[in-house]
Amino acid sequence: MKKLYLLTLLAVVSFMPTEAQHVLFPQGTGRMYYSDSLFVAQKRPITAAAEVLATNAFVMSFNKFILNADYAQLSWQSIKTNLTSKPVWDGDKFSTNLFAHPYHGGLYFNAARSNGLSFWQSTPFSFCGSLMWEYFGENELPSINDLFTTTIGGICLGEITFRLSDLLIDNTSWGAERFFREFFAACISPIRGVNRLLNAQSWKIERTKGRELPDVPLYLNFFAGGRFLSEYDRIKSGETSVHLGMNMIYGEPLQDSRGSYYKPYEWFTLNVGMDLFSKQPLFSQVNATGILWGKNLDNSDKYSITVGVFQHFDFYDSQIGKQNGEKFSPYKISEAAAFGIGGLFVRHGTCRNKPLEFRSTTYLNGIALGGNTTDFYSFDNRDYNLGSGFSIKLYAGATYNKRWSYDVSAEHYYLYTWHNTAQNNIVNSQGDAGHSHLTVISPYITYHSGKKWNIVLRNRHFLRSTYYKYHDDIKFTTTDVILTISYTL
């Protein structure tokens, strides 16, 4: 499902007109605008609730009858056990708990959004859908971490997929174009695709496009190239992979919003990195940041300042081979449920009569729940700790003459594992007691061709320090070099 999700994002650009480009963000920006009168959907909360139930029933049936999974063999006794037991910390894989579950929560969220409910009205559906699944969807005990990640991460990914699917909808189109628009919109937001079929909107031709969201600028950049990841101590024996991905900026955070303040996800960013033909995980990086509330403090020809409250979803994963041939993860980090404050600044000027732009961004977040690498704890599919903490993100860069950009980002994640029962009950534990720091420093330089393609050279450093209560402390440093050619639409 994760592969399908990313591949369909790549297909979005096939149906989008392109406008003039100007340099505002790293790697250049292409701007695409959409104009249409807005469609106001009827609010159907009961239908939305029924679709949440139907979604869970479909997944439960698939797991039981198609996959024949042990955890899907439900009985009245297993349901009774779930209802009379306290939630636990489960043993699912890193990608399952901290990426797949948030995506599942996005389906619940979209059941409400595609039935006319607003952003805030849709948020309880992610929680209720997750609660239903934990107690009635599996014969395993309810999971504390799933309730967090499915609900909060689902809100983030759900709103992003809803807004991206809205860009594809065009009720004035017909024939092959209409088919592919509806197909890819349904792949990005399956529940919305089902609703359009049920409401006969998928084939009905009208004079307006039928989109529910206002016009926005959209920046979309795809890149491909090579990546080399290695330990500092074994710089010559790392992992080489084909590196693919995309960067997206939806909306404009440095201009006046449509009202007095920014609405939720009126602006968001989405970055995805994938690695092929190596020992690396398929999805090595997913970052999303969406504004929940914000205000443009000042906007002029020289500078712009925006401050606000943001939701964050970050996912880093890695895998590398040891000298003895075994595989291990030098770093993993996730903040699937995170919120914080932030500010964005852009300053326009000149240098030697050439345009010079300086930009910076700062975020400070609280992490309700995330995950990070552990060197000792191992249970079922769990090779990572769960915990809460905070993160700090700093970005700064400059673009000279719309040709060369130099940028640097610094992200620091701190997670504290407080529910440690590994000494006497490894089944119900967040992992090894202690706290962990991961710092990601990433300088990169970009050459802008002046057309649609760019060349980007990036060098990232992953510095992990884990302090255990019952084990020796571990420090680990990893670096990678990425050279890509990117194309902006």
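The values are calculated or read from the model by the stated rules, or taken from the named source; none is laboratory data. Remember, predicted model here, so these are calculated numbers, not experimental data. Note that we place each Cβ from the backbone using ideal geometry, even for glycine, and neighbour counts take in every protein chain shown. These area figures cover heavy atoms from the full protein model, side chains too; ligands, DNA and RNA do not enter into them. Shrake-Rupley method; radii C 1.70, N 1.55, O 1.52, S 1.80 Å.
Annotation for the range 243-255: no member residue is over 22 Å from the mean Cα position of the chain (by Cα), within 29 Å of Arg178 (Cβ to Cβ) and surrounded by fewer than 16 Cβ atoms within 10 Å (Cβ to Cβ).
Within this structure, Phe183 fails the test of being open to solvent by 40 Å² or more (accessible area, probe 1.4 Å), closer than 23 Å to Gln430 by Cβ, at pLDDT 95 or above and not polar (S, T, N, Q). Summed over the range 227-237, residues that are over 27 Å from the mean Cα position of the chain (by Cα) and either modelled with pLDDT of 85 or more or not β-branched (Val, Ile, Thr) (or both) total 5. Residue pairs whose Cβ atoms lie under 6 Å apart, sitting 6 or more positions apart in sequence or on different chains, and linking a residue in the range 369-380 that is assigned to a strand (DSSP E or B) to a partner that is of a type in the set (Val, Ile, Thr) and open to solvent by 60 Å² or more (accessible area, probe 1.4 Å), are Phe379/Ile426.
Contact map, the range 385-408: residues that are without any contact (Cβ under 8 Å) to a residue 12 or more places away in the chain and closer than 23 Å to Asn454 by Cβ paired with residues that are of a type in the set (Lys, Arg) and surrounded by fewer than 18 Cβ atoms within 10 Å (Cβ to Cβ), Cβ distance under 7 Å, separation 6+ or inter-chain. No pairs are found. Among the criteria (1) touching a Leu at 6+ places or on another chain (Cβ under 8 Å); (2) more than 23 Å from Ile169 (Cα to Cα); (3) free of Cβ contacts under 8 Å to residues at least 60 places away in the same chain, the one Gly106 does not fulfil is (2). Selection of first residues in the range 215-244 that are within 28 Å of Lys451 (Cα to Cα) and among the charged types (D, E, K, R) and of second residues that are open to solvent by less than 30 Å² (accessible area, probe 1.4 Å) and at pLDDT below 85, restricted to Cβ pairs under 7 Å at least 6 apart or on distinct chains, gives the following pairs, ordered by first then second residue: Asp215/Tyr34. When the test is whether a residue is over 17 Å from the mean Cα position of the chain (by Cα) and exposed (fewer than 15 other Cβ atoms within 10 Å of the Cβ), Tyr261 passes it. None of Asp407, Asp380, Asp375 is open to solvent by 50 Å² or more (accessible area, probe 1.4 Å), of a type in the set (Asp, Glu) and closer than 29 Å to Phe228 by Cβ except Asp375. Filtered by the rule that a residue be more than 30 Å from Tyr219 (Cα to Cα), in contact with a Gly (Cβ under 6 Å, 6 or more places away or on another chain) and open to solvent by 70 Å² or more (accessible area, probe 1.4 Å), the range 468-489 gives a lone residue, Lys469.
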